[in-house]
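Derivation of every value follows stated rules applied to the coordinates shown; laboratory data play no part. If you're wondering where the values come from, they're calculated on a predicted model, not measured in any experiment. Cβ atoms come from the backbone with ideal geometry, glycine included; neighbour counts cover every protein chain shown.
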Amino acid sequence: MARRTHSNESNSAPPEKNSLGNRRRIPPLPALRAFEAAARRLSFREAALDIAVTPSAISHQVKSLETCLGVALFVREPHGLQLTRTGRDYLKDLIPLLDALDASTRRIAESDRSGTLRVLATPGFAARWLVPRLDRFSGNDSISISVSQGAPCSDFAKNNADVVIHWGAEPVAGAVVQPMMKSGRYPVASPQLIEREGIREPADLLNLTLLHDEVDDGWAAWFAAAGLAAPDLVRGPRLAHCELTMTAAEKNQGVALAYDAMARATVASGRLTRLFDVETPPKVIYSFAYPTGRRRCPNICALRDWMFGEIEADGLLDQNAHPVVAA
């Protein structure tokens, strides 16, 4: 059991500034809670039962608050306590503040059970995988999914997100990162481009326009898997991410190297065609990330379970990966 200390160290911390820019004088919260309970019960013993500490701890916290304020808040009598006039005035001001803090805390805690669940994802994941199947998410009818386009920031202190579909599986400070989707890559092109260029075998790609992904360009690895020396990989446009390379391929602008997990539905629709059976070795491309303090959030758990079920049904789940929590 951790040892409870009764020092005044928290009083020595630099006071915060209030909304007017002046220094705040805020006593330690344990002292305020002890005073409020004792003032309500007019008994250290009963106050101790209310907030699950010892009567001596209540007495010490009240004394430290009186020292901090420089006034007596109670008259200590043989058979109980009485509030001083200053104590009554202080209690009158303190109760609405504690009530407001309680209400705010409850509201934030309840937001984990209802309301909008904000999800940040890469453009490719959002457009090719998540959004087309959102109507299958029935874990909680009250959840509304907001998908943010663009490279997601995984810093939950800055991104205003509940969940990030995290690229790769690298740990993130303050977050649980659970690897979920692994995929290999293969070339795709539009049916029109294939017919126009007469693409029949991997070597035909050596003389075609290749679309390059600046995040993780895998053409060298694919040509190696195909047993070919890679062409001059400087040739061809370089685009910000794989969603742009697939979009360019759909517009007959060249051949993209697509992740199977992202391209399956597009290939099935006929907008793009897979070229050849050769693909790069599968690797984790997306993880499910959320703040460490929200492991038991019902909405996050419902979304995670649904997504993992969908990915497993697609045969793309990383079965050997375990959640990673950064130190």
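At 7 Å along the Cα-to-beta-carbon direction for both Q319 and V71, put a label point, then send me their distance in nm to one decimal.
Each label point is offset 7 Å from its Cα along the Cβ direction, giving 7.1 nm.
For segment 185-274, just the Cα atoms, rotate onto the principal axes and tell me the three extents in Å, largest first.
The Cα atoms of segment 185-274 stretch 32, 29, 21 Å along their principal axes.
Find how much the distance from L98 to R85 grows on full extension, using 0.36 nm per residue of separation minus their present alpha carbon separation; answer in nm with one decimal.
Once the chain is fully extended between L98 and R85, it gains 2.7 nm.
Would you mind pulling out the separation of the Cα centroids of segment 215-252 and segment 19-90, in Å?
69
Starting from one equal scatterer on each C-alpha and no solvent at all, send me the Debye-based log10 I(q)/I(0) for segment 15-110 at q = 0.10, 0.15, 0.18, 0.24 Å⁻¹, two decimals.
Cα-only, vacuum Debye calculation for segment 15-110: -0.29, -0.63, -0.87, -1.31.
To the nearest 20 debye, what charge dipole does segment 15-110 have about its Cα centre, counting +1 at the Cβ of each Lys and Arg and -1 at the Cβ of each Asp and Glu?
240
Quick one: if the Förster radius is 45 Å, what FRET efficiency do V215 and R106 give, using the C-beta to C-beta distance and rounding to 0.05?
So, using R0 = 45 Å, E works out to roughly 0.60.
What's the FRET efficiency of R25 with L49 using the Cβ-Cβ distance as r and R₀ = 25 Å, to the nearest 0.05?
The calculated FRET efficiency here is 0.25.
If I model a spin label as a point 7 Å beyond the Cα along the Cα-Cβ vector, how far apart are those points for S269 and A157 in nm?
4.0
Explain nothing, just compute: Karplus ³J(HN,Hα) = 6.51 cos²θ - 1.76 cosθ + 1.60, θ = phi - 60°, for every residue of segment 35-40 in order, whole Hz, x for Gly and Pro.
5, 4, 5, 5, 5, 6
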